[in-house]
Amino acid sequence: MTYQPEIDTALIREIDEFCAEHGMKPSTFGKAALNDPAFYLNLKNGREVRRATRRKLAEFMAEAKTDAA
């Protein structure tokens, strides 16, 4: 039996919505938010996200929404 990582579909959906709203590619999002253009693809492949990373993502998205207003 092989290990199958649990995919964080809620976070993927949130990033998809953010990218659509801001006209941004997922790789651009990862680079801008975390300096990691592969973040989104790795997330879709089961990457586990630490609390600190979630905090950085939330701060980035909140700041982008504030800047857009």
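The values are calculated or read from the model by the stated rules, or taken from the named source; none is laboratory data. Predicted model, so just to flag it, every value in this text is computed and none were measured. Glycine gets a Cβ as well: all are built from the backbone with ideal geometry, and neighbour counts include every protein chain shown. Just the protein is used for accessible areas: all its heavy atoms, side chains included, with ligands, DNA and RNA removed. Shrake-Rupley method; radii C 1.70, N 1.55, O 1.52, S 1.80 Å.
Once C-alpha pairs closer than 8 Å and six or more residues apart are averaged by separation and normalised to the residue number of the chain, the relative contact order reads 32 percent. Surface analysis of the chain yields an accessible area of 74 Å² per residue, using protein heavy atoms and a 1.4 Å probe. Net charge of the neighbourhood of MET24, taken over other residues with C-beta under 14 Å away and scored Lys/Arg +1, Asp/Glu -1, is -3.
What does the charge count near ALA10 come to, summing +1 for each Lys or Arg and -1 for each Asp or Glu among other residues with Cβ under 12 Å from its Cβ?
-3
Checking every one of the GluC sites (Glu not before Pro) in the chain against DSSP loop status and a limit of 11 other Cβ atoms within 10 Å picks out GLU6, GLU48. For the range 30-39, 3J(HN,Hα) computed residue by residue from phi via the Karplus equation (6.51, -1.76, 1.60; θ = phi - 60°) reads x, 5, 5, 7, 10, 6, 9, x, 8, 3 Hz, glycine and proline entered as x.
Jot down the per residue volume, in cubic angstrom and as a whole number, of the convex hull over the alpha-carbon atoms of the chain.
Taking only Cα atoms, the chain has a hull volume of 82 Å³ per residue.
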